[in-house]
Amino acid sequence: MVMVLPKRDHRCISDQLESRPPRWEAQRPRRGPHGDHPGGYGRVRRHSGRGPFWRSREDRIIAGIAGGLAARLGRDVTVIRIVLVLSALVSGLGVACYVLAWFVLPAEGSSETIAARAISDRQGITLVLALVPVLVLVLLVASVLHAGFLTSWGVPLLISAAGLILVYRNAEDDERAWLIDSTKALLQLDAEPQASRRSFVVRLVAGLLLFALGVSVIADGALNRSWLRPLGGTFLMIAATVVVLGPWWLRLARDLVRERQARIRAEERADMAARVHDSVLQTLAMIQRSADQPLEVAKLARTQERELRSWLFEGRTPGSFGAEGASTLSAGVEQIECEVEAAHGIAVHAVTVGDSPLDDELRALLAAGREATVNAAKWSGATTVSIYLEVEPKGVSMFVRDRGSGFDSDAVAGDRKGIAESMRARMQRHGGTVVIRSVPGEGTEVELSVPRRPGRA
Amino acid sequence: MNPTGPPRVFLVDDHHLFRAGVKSELGDSVQVVGEADEVPAAIELIAERLPDVVLLDVHMPGGGGKAVIDAVKASHPTVRFLALSVSDAPEDVIAVIRAGARGYVTKTISGPELVDAVLRVAGGDAVFSPRLAGFVLDAFASMPPGSEPPGPLDPELDHLTPREREVLRLIARGYTYKEIARELTISVKTVESHVSAVLRKLQLSTRHQLTRWATERRLI
């Protein structure tokens with residue numbers, strides 16, 4: 001599934017390299033709105049509202065019916081599962097309905113139902129017809145024992161068995177593999193040590209005994225306490241089921257967890273590959289294409305480096321703070337670093353000590369600092385510009401330094417003077433100061449500072 | 001240090017390409033006496049060849065550069081380490097410095113700067129990148145009461161002198177040692193001794209931020 005997200009403002013890339021495809025976009029939100037829900041991994045693709053009703057491939061324990069239903073109804077899949085299990089416990093009808101749904105609903109993304117294939121499966125149908133005598137037998141036994149529950153359970157269970165046979169014979173390969181695996185596990189056919197086969201036989205015998213006991217308790221008219229009969233009988237039957245099937249359930253649950261983990265890993269790998277492709281490989285391709293322009297290559301490499309680094313080491317996806325996004329001084333400085341590097345093909349090294357949320361004064365400071373940086377990038381001829389910003393209790397100061405051509409501050413060309421003046425005016429409005437030191441041939445340093453008002457953090 | 005020739009340098013990095021690049025950048029200014037691409041081999045070869053300076057990648061499988069420093073430092077205290085890394089996250093920087101590295105530079109450093117840093121470390125001085133100076137200033141900033149662990153801070157180790165602070169600030173602003181000396185009208189030797197003093201504090205101080213950075217280290 002590919003999610004198309006609205007285009008965000010990218011931190012460094014947007015202004016300069018627009019020809020590139022959006023890079024970091026198909027990322028995080030994949031997890032969907034409920035991705036952070038504990039155990040909610042499988043709910044990723046839940047759509048609320050209507051869609052085609054099919055069996056979910058992602059969200060499945062047995063056939064994916066609960067998942068499909070949840071997607072269709074826009075409900076939580078766990079609720080649906082509980083309802084299904086309860087309905088299966090109350091009467092066998094729930095089980096039969098489940099198998100029926102398995103039979104007639106197509107799997108996600110597929111158009112053909114199992115039923116459609118089963119029609120032409122003669123051998124399967126013969127097998128199913130062979131179950132009819134068993135059904136008759138059950139009904140006979142039920143009427144002899146006067147046990148209504150046998151009818152109410154036996155019929156749906158037999159129908160389910162018939163359905164399962166057809167499902168098994170006509171399911172797609174992956175579903176069939178699953179069925180084979182779980183059946184093997186149920187009968188412990190694949191269990192290696194002989195002992196566990198034997199333990200299964202023991203459990204089966206014990207289970208059958210318990211079951212028979214349960215049946216006889218329910219059917220026994222001699223017990224005069226009316227509530228004891230169904231209750232005790234049901235309890236014994238449940239115990240029988242647990243004895244026989246318990247280990248299988250455990251194993252099933254374990255496999256399920258394992259499978260989910262494997263899927264998560266696979267998806268993470270795919271995610272990683274997508275990012276590396278979107279960013280690194282694209283940049284490498286661009287670098288090859290502009291191999292004859294060293295400046296461009298350096299710019300690309302730096303932008304890529306910054307992006308990769310902020311992803312790997314800071315766990316941040318670039319683009320997470322846009323022009324309006326910077327809410328702290330350090331983020332603002334980083335933004336300047338980035339924008340100027342991208343726009344002017346020059347390395348900007350920024351160091352910040354301390355941090356503070358932005359207010360009007362600090363925004364003015366950053367704006368002036370940006371101007372100074374751009375200035376240095378444009379005029380100094382240096383290859384790097386250093387920014388240093390320090391937050392102190394008394395005030396915040398920012399130094400922008402280059403080792404470029406420098407200038408004689410008394411005899412400045414009009415253009416540069418204008419910029420210096422605009423910086424100075426901007427700072428003065430906010431009670432700040434600007435000091436420019438420049439020596440021709442050695443470089444320029446611009447010092448900007450604003451006092452902090454008492455009472456501010 | 002080998003008094004008669006260029007310093008003997010050993011390279012540890014798990015990227016072959018990077019080692020080749022560094023070697024060509026260092027050129028004739030140093031003598032590369034060996035290289036290793038993994039932690040155990042590095043430990044063994046360094047002990048055998050006893051270089052003056054080990055250029056050490058921070059991020060390597062098997063414990064990273066820190067593991068190498070830990071293993072070699074105890075038996076061969078004369079070997080000096082200069083850490084190299086693509087990351088300049090404080091956790092990484094502080095952890096290797098506290099393990100015993102005498103400096104830290106990022107891999108984007110230019111060839112001449114790298115040679116300069118190697119020579120400086122070989123001469124027993126410390127190498128502080130602007131970013132590292134920034135971290136140190138951050139870590140030794142006066143904290144609001146309560147954020148430091150209980151117990152008095154050692155005035156000898158846990159505070160920077162005003163002069164050291166000035167030096168660090170200038171490093172963070174991108175000044176070279178020579179420029180710092182001129183700015184503060186002191187000698188380059190004095191600048192170097194200030195930086196070495198700061199390095200010592202950085203390695204021994206129990207300041208909360210430093211210990212936190214040193215333990216919060218993520219190796220990728």
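Read-outs throughout are calculated quantities, based only on the coordinates presented, and are distinct from any laboratory measurement. All of these numbers come straight from a predicted model, not from anything done at the bench. Here the Cβ is made from the backbone with ideal geometry for all residues, glycine too, and neighbour counts use every protein chain on show.
Between B:ASP70 and B:HIS159, the FRET efficiency estimated from the beta carbon spacing at R0 = 25 angstrom works out to 0.35. Between A:ARG452 and A:GLY395, A:VAL396, the built amide H atoms are under 5 Å apart, and every one of these is 5 or more places off in sequence or on another chain.
So if we plug the beta-carbon distance of A:THR78 and A:SER356 into 1/(1 + (r/R0)^6) with R0 = 45 Å, what FRET efficiency do we get, rounded to 0.05? In this case the efficiency is close to 0.50.
Rounded, prolate or oblate: pick one for the stretch B:1-136, where a ≥ b ≥ c are the square roots of the eigenvalues of its C-alpha gyration tensor, a/c under 1.5 means rounded, and failing that, prolate if a/b is larger than b/c, else oblate.
rounded
With only Lys, Arg, Asp and Glu charged, each at its Cβ (+1 for the first two, -1 for the last two), find how big the charge dipole of chain B is about the Cα centre; round to the nearest 20 debye. Intermediate results must be reported in sequence, preceding the final value.
Values: 25 positive and 29 negative charges, 91 e Å.
I would put it at about 440 debye.
Peptides B:201-208, A:390-397, A:373-380 ranked from most to least packed give A:373-380, B:201-208, A:390-397, packing being the mean of other C-beta atoms within 10 angstrom over each peptide's residues. For the segment B:105-113, counting C-beta atoms of other chains within 10 Å of every residue's C-beta and taking the mean gives 1.
For B:LYS66, the lysines whose Cα comes closer than 21 Å to its Cα, not counting residues fewer than 8 places off in the same chain, are B:LYS107, B:LYS201. With the simple spin-label model, which puts each label point 7 Å out from Cα in the Cβ direction, the A:LEU135 to A:SER111 separation comes to 3.3 nm.
Taking every DSSP bridge with both residues inside the stretch A:321-451, close to 75 percent are antiparallel.
The simple Förster model, with R0 at 30 Å and r as the Cβ-Cβ distance, assigns A:LEU213 and A:SER87 a FRET efficiency of 0.70. If only the Cβ of Lys and Arg carry +1 and only the Cβ of Asp and Glu carry -1, the dipole of the stretch A:226-299 around its Cα centre is close to 460 debye.
Given their separation in residues at 0.36 nm each and the Cα-Cα distance between them, A:TYR168 and A:ARG122 gain 15.2 nm when the chain is fully extended.
Would you mind giving the mean number of other chain beta-carbons within 10 Å of the Cβ of each residue in B:173-179, as a whole number? Before the final figure, lay out the partial values.
Numbers: counts 11, 14, 5, 1, 0, 0, 4.
Across the residues of B:173-179, the mean count of other-chain Cβ atoms within 10 Å is 5.
Taking the Cα centre of the stretch B:8-127 as origin and assigning +1 to Lys and Arg Cβ atoms and -1 to Asp and Glu Cβ atoms, the resulting dipole is close to 300 debye. Of all lysines in the structure, the ones whose alpha carbon falls short of 17 Å from that of A:LYS378, not counting any fewer than 8 places away in one chain, are A:LYS299, A:LYS417. Residues within the reach of a label modelled at A:ASP408 (point 7 angstrom out along Cα to beta-carbon, backbone nitrogen below 12 Å), restricted to the stretch A:432-449, are A:440-441. Using a ≥ b ≥ c from the Cα gyration tensor of the stretch B:1-60 (square roots of the eigenvalues), is it rounded, prolate or oblate, where a/c under 1.5 gives rounded and otherwise the larger of a/b and b/c decides, a/b for prolate? The shape class here is oblate.
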